[in-house]
Amino acid sequence: MTDKYNVEAAEILANEALRLPISEAVPIYEQLLSTFPTAAKYWKQYVEAHMAVNNDDATKQIFSRCLLNCLQIPLWRCYIRFIRKVNDKRGNEGQEETRKAFDFMLNYVGADIASGPVWMEYIAFLRSLPAPTAQEESQRMTSVRKIYQRAIVTPTHHVEQLWRDYENFENSISRALAKGLVSEYQPKYNSARAVYRERKKYTDEIDWNMLAIPPSGSSKEEMQWMAWKKLLAFEKANPQRIDSASANKRIVFTYEQCLMYLYHYPDIWYEYATWHAKAGSVDSAIKVFQRALKALPESEMLRYAYAELEESRGAIQAAKKVYESLFGDGSNASALSHIQFIRFLRRSEGVEAARKYFVDARKSPNCTYHVYVAYAMMAFCLDKDAKMAHNVFEAGLKRFMHEPGYILEYADFLYRLNDDRNIRALFERALSSLPPEESVEVWKKFTQFEQTYGDLASMLKVEQRRKEALSRTGDDGASELESSLHDVVSRYSFMDLWPCSSNDLDHLARQEWLARNINKKPDKPTLGIEAGSADKTTSGVSSNTNPPAKVVYPDTSKMTVYDPRQIPGPAALAAPSASGTLPYSGPFSSNGPPNALNDILKSLPPAFAAFIANLPAVEGPSPDADFVISVCLQSNIPAATGKSGTAPLPLQSGAAPSTSDLSDSSKFRPRDRQPGKRKDMDRQEDDESTIQSQPLPRDLFKIRQLQKNRVGNSSRVTSSYTGSASYGSALSGDLSGSTS
């Protein structure tokens, strides 16, 4: 397979193995199971291939390899079929072996939600055993009763069927005894049934056919991880309130099943091991860690966790072996493994053992400056040996002078010693050898040091040297040399205290960015609105050769320059705009609007005319009046409707009419009314106004009659007009109208 964990390729290989003889299929199965060691369906297919040719020895060997790691009901039922087949003709000895196999299976997978058929098969097997004597019959019935009583308190898919079978079983033996036993186990059964219903919600979210592959971050994998975490949390809560031993056994079973599918997830292994340790079973936790390291040999996290567990229980030699396993052959040892092993030796064997290993680790090709820093700080903080720490830093400086991180750590150490003279010497030595592009952080640390330990002259001198050094790394070297207010802020700030506000800081940062980019010419965007070539030429806007896709920019050629000195009024209205339309520059003056605008407003609905009359003065670019009016005319603007014959709203020279005046004196009527229907319309509107003015009746019958009359009147009005008018409810007294 090109991809080792390619699920589709694995399925193709498994299907191919089904069609091959067992001798040719064995290498394919071994290849699949080496990649997917917890794939129960492949183990089942493999063992059934051997069972089909009666290869009992190979079948037993395969079962010994897979059963305890694959707690899946179909695989275990296959195991029972094999055991029953082998022991079918062996008489009492074979029956006893089969019985032990059933007990062995239920001990491991009896808590599975799908284990109902296994319980039923075991009960049927026990009831089929011969019992020639009364004593043997009594023993057989006792065994069947015990299995029933275990089965009916296990939340499985068949718990209800098992309960019914148990009731029938007890009643068939003794009704008097059955009454007491059934009443005793009824609450336990009810609890198991309730827990089964909750448990089923979690198990239904799990994909039981998923193969164990390393996590790739897909949504399906994350959903399965969450589903298993929910099921584990459910089992840990012990919803059935059973004894702690049974509850822990069920939790172990759930973890084992989870690892069949999340085999490559280190967090599940770690959680399983720590759960064992917290439950008091450290030996079980160690076994889990050993299995985890076999499954994930490259996981350093699990090795450190395992070593920590061994060290915490006093097994120093076992923990040391775990640390040594991190080194391998020595060439692949990481700097972190060296550091952690030095710390472990310091804790467990003392200072001298840690020093000896540090001397050896220095010779490793993978030894970085982190090892020197870790050992020096351990000598300084734990052993209180400042001289040893200083010697280690000096030894490392000869090897890692080119590492800015090492220089900063050494400077921090000297800070703690309050050795300002050696700090200055360290900075001077480092800055003389480091290239400017790698010395930014060192210069920053040097500047902070002078701000704390130096005087004003030395502070300003170091800042100027820093600017000169860093100016050679950028294009704007001259601007970097100039002093700015940002330097003052840097000098006179302390921790989270600043000599200015946060807004000032943002402003200074923005100015600094602008200063660095002052000579850069921004690319002008391409116009997104299609226009003629002449318009583009006269607009003076150049286009990009590679315009961004699906980006529409405004047509700046139609923008007008804002002039704050322009005065709105009749004079401004008299001058046409560039587009040839009459712009509107302000509200109606006391002398009345111009004739041209007055003619336009007369053709508008009264409500819209009142809206325009209340508009404030426009002090800026004038809008395109024709475009605005056309949009408004095409909009469905609701207006109140009143009696026929009411004149439209006249344009006033003073203030705009109020809403209450509009609702009483100006009603919008349909324009396309038929002349012959005027009298009917007048009479209808009179009736409507009469109904609206009448007090609201309290009799329910009269209220319904009024509603029916209103519906009939509305339908007659609608048939008389090309437009439509709908009125409010007689109960609410509200009036609403719509025109089309």
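The values are calculated or read from the model by the stated rules, or taken from the named source; none is laboratory data. A quick note: this is a predicted structure, and the numbers were derived from the prediction, not measured. Please note: Cβ atoms are built from the backbone with ideal geometry, for glycine as well, and neighbour counts cover all protein chains shown. Note: areas computed on protein heavy atoms with side chains; ligands, DNA, RNA excluded. Shrake-Rupley method; radii C 1.70, N 1.55, O 1.52, S 1.80 Å.
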For segment 2-17, pairs from a residue that is modelled with pLDDT under 95 to a residue that is surrounded by 15 or more Cβ atoms within 10 Å (Cβ to Cβ) and among the acidic types (Asp, Glu), with Cβ under 7 Å and 6 or more apart or across chains, are none
Only residues that are over 19 Å from residue 104 (Cα atoms) and either open to solvent by 30 Å² or more (accessible area, probe 1.4 Å) or not in a helix (DSSP H, G or I) (or both): list them for segment 52-70, please. 52, 53, 54, 55, 56, 57
Complete set of residues in segment 148-168 that are part of a helix (DSSP H, G or I) and polar (S, T, N, Q): 149, 161, 168
Residues in segment 604-645 that are part of a loop (DSSP other than H, G, I, E, B) and modelled with pLDDT under 75: how many? 22
Every residue in segment 18-37 that is more than 22 Å from residue 296 (Cα to Cα) and free of Cβ contacts under 8 Å to residues at least 24 places away in the same chain, please. 19, 20, 21, 23, 24, 26, 27, 28
State whether the residues of segment 112-123 include one that is among the hydrophobic types (A, V, I, L, M, F, W, C), open to solvent by less than 20 Å² (accessible area, probe 1.4 Å) and touching a Pro at 6+ places or on another chain (Cβ under 8 Å). yes
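Could you check, for segment 364-378, whether at least one of its residues is of a type in the set (A, V, I, L, M, F, W, C) and free of Cβ contacts under 8 Å to residues at least 24 places away in the same chain?
Just the residues of segment 364-378 that are of a type in the set (A, V, I, L, M, F, W, C), to begin with: 367, 371, 373-374, 376-378.
Next, only the ones that are free of Cβ contacts under 8 Å to residues at least 24 places away in the same chain stay: none.
No - not one qualifying residue is present in segment 364-378.
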In this structure, is residue 19 charged (D, E, K, R) and surrounded by 15 or more Cβ atoms within 10 Å (Cβ to Cβ)? no
Only unsatisfied item for residue 356, checking (1) basic (Lys, Arg); (2) surrounded by 15 or more Cβ atoms within 10 Å (Cβ to Cβ); (3) over 20 Å from residue 402 (Cα atoms), is (2)
Among the candidates 469, 430, 478, 509, which residue alone is modelled with pLDDT under 90, within 26 Å of residue 397 (Cβ to Cβ) and not charged (D, E, K, R)? 469
What is the one condition in (1) modelled with pLDDT under 95; (2) out of contact with any helix residue (DSSP H, G or I) (no Cβ under 6 Å at 6 or more places or on another chain) that residue 39 does not satisfy? (1)
Just one of (1) more than 19 Å from residue 67 (Cα to Cα); (2) open to solvent by less than 60 Å² (accessible area, probe 1.4 Å); (3) among the polar types (S, T, N, Q) trips up residue 133, so point out which. (2)
Here the residues within segment 1-16 that are touching a helix residue (DSSP H, G or I) at 6+ places or on another chain (Cβ under 8 Å) and surrounded by 14 or more Cβ atoms within 10 Å (Cβ to Cβ) are 5, 10, 13, 14
Filter segment 3-38 for residues that are farther than 27 Å from residue 294 by Cβ and either of a type in the set (Lys, Arg) or in contact with a Pro (Cβ under 9 Å, 6 or more places away or on another chain) (or both) and give the result. 19
